[in-house]
Amino acid sequence: MTEIRNSILAGLAFGFLNALFFAVWFDAHYALIAGPISGLAFGMVLYFFLTSKTVKKQTQIENLDSKPIIRSGGANHFINGEAVGGKLYLLKDKLQFQSHGFNIQNHGQIIDHEQIKEVSFYNTLGIIPNGLTIITRSGQTEKFVVNGRRHWKEEIEKLQVNSR
């Protein structure tokens, strides 16, 4: 359900920006047609990408201990200036990110709960409230873009309290 909502929102934003572009460079009539069509096409392509078997397979983690996955969802991990797309998993003892293969910097990352010093929020591009910051005890800062960041923070902090 999240994929549908995100695809619609991204399609609307893309269509609106394209309509503005077409209105400035071409004609308002052209913008009224090309904007919605491009937004619909972008949203559909995004939805099919997010729900593809290839992406699901690439972002699957190996849970050898069969520990229950408390929370999971699509995420971007900011690393060296790239928003690397993939999936974020919250397990009882760790936070784990696994990228999909359509990135330049493919990687996986595991942060054990005892390594987490602080969990906070940030706004992507300074305005979009979807960022989650993890600060480790070693001083490393990891930034993720997630859906439902408040729920992620609550669940991580709950696990930290229960593990002490």
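Structure summary
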| quantity | calculated |
| --- | --- |
| Test: residue in segment 129-143 that is assigned to a loop (DSSP other than H, G, I, E, B), of a type in the set (S, T, N, Q) and at pLDDT 90 or above | yes |
| Residues being at pLDDT 85 or above and either among the polar types (S, T, N, Q) or not in a helix (DSSP H, G or I) (or both) - total across segment 1-17 | 0 |
| Which numbered condition residue 44 fails, given (1) exposed (fewer than 14 other Cβ atoms within 10 Å of the Cβ); (2) assigned by TED's automatic domain parsing to the domain that holds residue 153 | (2) |
| Tally, over segment 41-75, of residues that are free of Cβ contacts under 8 Å to residues at least 60 places away in the same chain and in contact with a helix residue (DSSP H, G or I) (Cβ under 6 Å, 6 or more places away or on another chain) | 6 |
| Any chance residue 99 is under 24 Å from residue 10 (Cβ atoms) and of a type outside the set (A, V, I, L, M) | yes |
| Unique residue being within 24 Å of residue 123 (Cβ to Cβ) and among the basic types (Lys, Arg) when the list is 92, 87, 67, 56 | 87 |
| Options 79, 4: the member that is under 21 Å from residue 152 (Cα atoms), touching a residue at least 12 places away in the same chain (Cβ under 8 Å) and exposed (fewer than 13 other Cβ atoms within 10 Å of the Cβ) | 4 |
| Flag for residue 38 being at pLDDT below 85, buried (at least 17 other Cβ atoms within 10 Å of the Cβ) and outside the structural domain of residue 105 (by TED's automatic domain parsing) | no |
| Among (1) out of contact with any Leu (no Cβ under 6 Å at 6 or more places or on another chain); (2) among the acidic types (Asp, Glu); (3) under 22 Å from residue 6 (Cβ atoms); (4) touching a residue at least 12 places away in the same chain (Cβ under 8 Å), the one test that residue 155 misses | (1) |
| From the options 130, 147, 103, residue that is within 15 Å of the chain's Cα centre (by Cα) and either surrounded by fewer than 15 Cβ atoms within 10 Å (Cβ to Cβ) or touching a residue at least 40 places away in the same chain (Cβ under 8 Å) (or both) | 147 |
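The values are calculated or read from the model by the stated rules, or taken from the named source; none is laboratory data. Not measured: the values here are computed from a predicted model. Note that each Cβ is placed from the backbone with ideal geometry, even for glycine, and that neighbours are counted across all protein chains shown.
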